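Input: a single structure, listed below in structure tokens.
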Amino acid sequence: MGIRERLSGNEAAAIAMKQINPDVVAAFPITPSTEIPQYFSTFVSNGEVDTEFVAVESEHSAMSACIGAQAAGGRAMTATSANGLSLMWEMIYIASSLRLPIVMSLVNRAVSGPLNIHNDHSDAMGVRDSGWIQLFSENNQEAYDNLIMAHRIAEHKDVLLPLMVCQDGFITSHSIENIELIEDDKVKEFVGKYKPEHYLLNDKEPIAVGPLDLQGYLFEHKAQQAEAMVKAKKVILEVAEEFEKMTGRKYGFFEEYKMEDAELVVVCMNSTAGTTKATVDKLREKGIKAGLLKVRVFRPFPAEEIAKALSSAKAIAVLDKADSLNAAGGALFEDIVSGMFVNKVNVPTINYIYGIGGRDTTIQDIESVYDDLAKIAQSGDIGNPYRYLGLRK
């Protein structure tokens, strides 16, 4: 039996970190992720963990400290948001290229400028191709569960890639929800001890970390990272299966909500899935065959599996909470339609940019998307595939 609690998403993330008890946590405050290291620092002060907590002078230094700790043979974690992630940008790539399985809680927030502290996905989308595994979380429970699974995925010998667990700033990070925690001893057993094969403090195997990597080798090393990302798909499912045996909570690459006979399908990530589920329920009562595909694993991107799941739809809308500013749609939309094309799935698909800077997205907004899909399914004409949802005229 789990432990029933009422926690915010940030509290849930901090408790997951406490139960994991990493060797090092390095962090710098930034809204709305500040509470995660703040809560965790109290566990350090109270002696509930034996983690070395490093209060640094910037997010760049936070990731640098995590890289140093992980390279030395320790298990390292951090948390950040938006501009903090942007300041880490150089070190984000170094962490993945050095194959260091650091775990980060990313509380999604709009990247400046102009300055905005509220939720969208521009931070995560900015580093989507940096070589980090990315898991997205609809609610506080999923943010907690994803963090518990994170080290098992990242540290697997076939993966060895850093991993970020995303949740929506303020919407989940500061909202209190019912949650079921796992007992400490079960978490400890599930996560296990970090036993790296190669690390700097191993006096029996002197190694260099971060050497110059020129024309003769870099291409192959990047190909190895890409291969590890492919292998991560299998590991993610294996870890999720073991997690389900422990908790009864099932996770995959994505969640299919009322997709068995769905004709009109919305694809989205994170907390918007909850609003979409309520909309689907409302439309189902009217006899409309609406469905939702909620993407949980964005990197590695499960293109083949998503294409198969969407193949029976008559019209699809992909919701992006970040604009790629490329005149051709958001990042999730691009990946969805690319995956469908490569896997020979041809369904009319449109894109909506929504929720930028924390703009509210209501059931009425999502309902208007399904209305548009119904017209497309009937006529076959998608019109302009690049659209905005909730934008003032």
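Please treat every number below as a calculation from the coordinates, not as lab data. Keep in mind the model is a prediction, meaning the values are calculated, not measured. Don't worry about glycine lacking a Cβ; one is built from the backbone with ideal geometry, like all the others, and counts go over all protein chains shown.
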Query raised in the report: Which ³J(HN,Hα) values in Hz, rounded to whole numbers, follow from the phi angles of region 6-19 under the Karplus curve 6.51 cos²θ - 1.76 cosθ + 1.60, where θ = phi - 60° and Gly and Pro get x?
Result: 10, 9, 6, x, 5, 4, 4, 5, 5, 5, 4, 5, 4, 5
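Summing -39500 (n - 2.57) over the DSSP H runs of n ≥ 4 in the chain and dividing by its residue number, what mean residue ellipticity at 222 nm do you reach, to the nearest 500 deg cm²/dmol? Please report the intermediate quantities before stating the final value.
Values: 13 runs with 161 residues, N = 393.
Here the helix-only value at 222 nm equals -13000 deg cm²/dmol.
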**Report entry** Whole-Å distance, taken between Cα centres, linking region 192-260 and region 333-375
**Finding:** 30 Å
Query raised in the report: Which part of region 203-246 falls in the paramagnetic zone of residue 342, meaning amide N under 17 Å from the point 7 Å along Cα-to-beta-carbon?
Result: 223-234
Requested in this report: Give 234/277; 186/250; 195/222 a once-over and call out the pairs whose C-alpha atoms are over 26 Å from each other.
Outcome: 234/277
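Efficiency by 1/(1 + (r/R0)^6): what FRET value for residue 359 and residue 115, r their Cβ-Cβ distance, R0 = 22 Å, to the nearest 0.05? Write down the numbers at each step before the final one.
Values: r = 16 Å, r/R0 = 0.71.
It comes to 0.90.
Based on the Kirkwood radius over alpha-carbon pairs, what value in µm²/s does the Stokes-Einstein equation return for the translational diffusion coefficient of region 10-67 at 37 °C and 0.692 mPa s? Write out the running numbers ahead of the final one.
Details: Rh = 11.3 Å.
Once the numbers are plugged in, D ends up at 291 µm²/s.
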**Report entry** lysines whose Cα lies under 19 Å from that of residue 375, excluding same-chain neighbours fewer than 8 positions away
**Finding:** 282, 286, 289, 314
Query raised in the report: Local charge sum around residue 7 (other residues, Cβ-Cβ under 14 Å, Lys/Arg +1, Asp/Glu -1)?
Result: -4
Report task. Pick out which of 247, 276, 80 has the largest mean-square fluctuation in a Gaussian network model of the chain, springs linking Cα atoms closer than 10 Å. Result -> 247
Requested in this report: Taking only Cα atoms and a 10 Å spring cutoff, compute GNM fluctuations for the chain and point out the largest among 119, 346, 83.
Outcome: 346
Query - Positive-end extreme of charge dipole, the chain - chosen from 307, 42, 165 (charges on Cβ) - result: 307
Report task. Any chance you could check the Cα centroid distance between region 76-107 and region 290-309 for me, in angstrom? Result -> 24 Å
Query raised in the report: Plugging the Kirkwood radius over Cα pairs into Stokes-Einstein for the chain, at a temperature of 37 °C and a viscosity of 0.692 mPa s, what D comes out in µm²/s?
Result: 153 µm²/s
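Could you work out how much longer the chain between residue 186 and residue 281 gets when fully extended? Use 0.36 nm per residue separation minus the Cα distance between them, nm to one decimal. Mind dumping the intermediate values first?
On the way: separation 95, 0.36 × 95 = 34.20 nm, distance 3.55 nm.
So the extension gain works out to 30.6 nm.
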